[in-house]
Amino acid sequence: MKTNNLLLQSVTQVVTFLIFAFSIYLFFAGHNNPGGGFIGGLMTASALLLLYLAFDIQSIKKALAFNYVNIIAIGLIISLATGMVSMFLGGPFLNQYDQYVHVPLFGEVHLTTAVPFDLGIYLVVVAIALVIILAIGEDA
Amino acid sequence: MFTIVVDIALIAMAVSLVLCTYRVIAGPTVPDRIVALDAFGLNMVGFVGLLMISLDTAAFSEVILMIAILAFLGSVALAKYWERGLVIDRNPD
């Protein structure tokens, strides 16, 4: 008997965005609360993994045309460049600069150079988790 | 009075987690183990929620969301493996 995944696919179309929103919340909460680039990246990877579970590798590759190995390299470059900016300004490697900026609609916002560093970690974690999962899942 | 009720509920949750662990280890069939693992995840969510009531804090709400999401993903993956024999399809057929 031919079975289909209609229920799982319908639920996935909603739940993926909920998990994705939660991962973005975790990414920005990492400054003063539990969270950060690593755990946000793992949540994004689980949202994409749910897509791979409900649909299949071929359709998702058509929808999300990313080469995950390149994303690892981009993330590492972002992290390293953020660390090296302070070396050109006379500080040590990975020195952090921060500033309070007034943004309309949000009020006082605390901007730090740790956020782009975390963004690099986020990209590396998402890409590595998906590369490992797809490498295991593809040889059926 | 309220703290006693929460403590009794925490003990009941702990016993339930032990029983779920027994079913995961000793379950005669694979679906038994899958359902036991799903119930284990839901029990953990309830356990952390009761702990938050007991400690009078909202600090663990992210933990509850994380456990719920990971338990859902694990249940979906295990159920699909049991029904289809593979976790990730290659072609849309």
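Residues of the range A:94-140 being over 30 Å from A:L64 (Cα atoms), touching a Phe, Trp or Tyr at 6+ places or on another chain (Cβ under 9 Å) and among the polar types (S, T, N, Q), which ones? If the condition is that a residue be over 30 Å from A:L64 (Cα atoms), touching a Phe, Trp or Tyr at 6+ places or on another chain (Cβ under 9 Å) and among the polar types (S, T, N, Q), then A:Q96, A:T112 are the ones that fit. For the range A:23-61, the set of residues classified as over 14 Å from A:F117 (Cα atoms), of a type outside the set (A, V, I, L, M), more than 9 Å from chain B (Cβ to nearest Cβ) and surrounded by fewer than 17 Cβ atoms within 10 Å (Cβ to Cβ) consists of A:N32, A:K61, listed by residue number.
I'm checking my understanding of the structure. Among residues of the range A:12-22 that are facing another protein chain (nearest Cβ under 10 Å) and open to solvent by less than 30 Å² (accessible area, probe 1.4 Å), which one is farthest from B:G74 (Cα to Cα)? Outline the logic, then answer.
Here is the first cut: in the range A:12-22, the residues facing another protein chain (nearest Cβ under 10 Å) are A:12, A:15, A:18-19, A:22.
With the extra rule that they be open to solvent by less than 30 Å² (accessible area, probe 1.4 Å), the set shrinks to A:12, A:19, A:22.
Values: A:T12: 14, A:I19: 14, A:F22: 18 Å.
Looking at the filtered set, the residue picked out is A:F22.
Residue by residue through the range A:59-94, note down the ones that are aromatic (F, W, Y), farther than 30 Å from B:D89 by Cα and not in a loop (DSSP other than H, G, I, E, B).
First, the residues of the range A:59-94 that are aromatic (F, W, Y): A:66, A:68, A:88, A:93.
Filter again for farther than 30 Å from B:D89 by Cα, leaving A:88, A:93.
Matches in the range A:59-94: A:F88 only.
Can you tell me which residue is farthest from A:L26 (Cα to Cα) among those in the range B:40-71 that are within 13 Å of another protein chain (Cβ to nearest Cβ) and touching a residue at least 24 places away in the same chain (Cβ under 8 Å)? Out of the qualifying residues, it is B:A71.
Each row is one residue, and each column tells you yes or no for (1) within 13 Å of another protein chain (Cβ to nearest Cβ); (2) open to solvent by less than 40 Å² (accessible area, probe 1.4 Å); (3) within 21 Å of A:F20 (Cβ to Cβ).
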site	(1), (2), (3)
A:L76	no, no, no
A:V85	no, no, no
A:L89	no, no, no
A:V103	no, no, no
A:G107	no, yes, no
A:A127	no, yes, yes
A:I132	yes, no, yes
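Of the residues making up the range B:55-93, those that are within 16 Å of B:L17 (Cβ to Cβ) and of a type in the set (S, T, N, Q) number 0.
For the range B:13-30, the set of residues classified as surrounded by 12 or more Cβ atoms within 10 Å (Cβ to Cβ) and more than 15 Å from the chain's Cα centre (by Cα) consists of B:G27 only.
The values are calculated or read from the model by the stated rules, or taken from the named source; none is laboratory data. None of these values were measured; they are calculated from a predicted model. Every residue, glycine among them, receives a Cβ derived from its backbone with ideal geometry; neighbour counts consider all protein chains shown. Quick note on the areas: whole protein, heavy atoms, side chains included, nothing else; ligands and nucleic acids left out. Shrake-Rupley method; radii C 1.70, N 1.55, O 1.52, S 1.80 Å.
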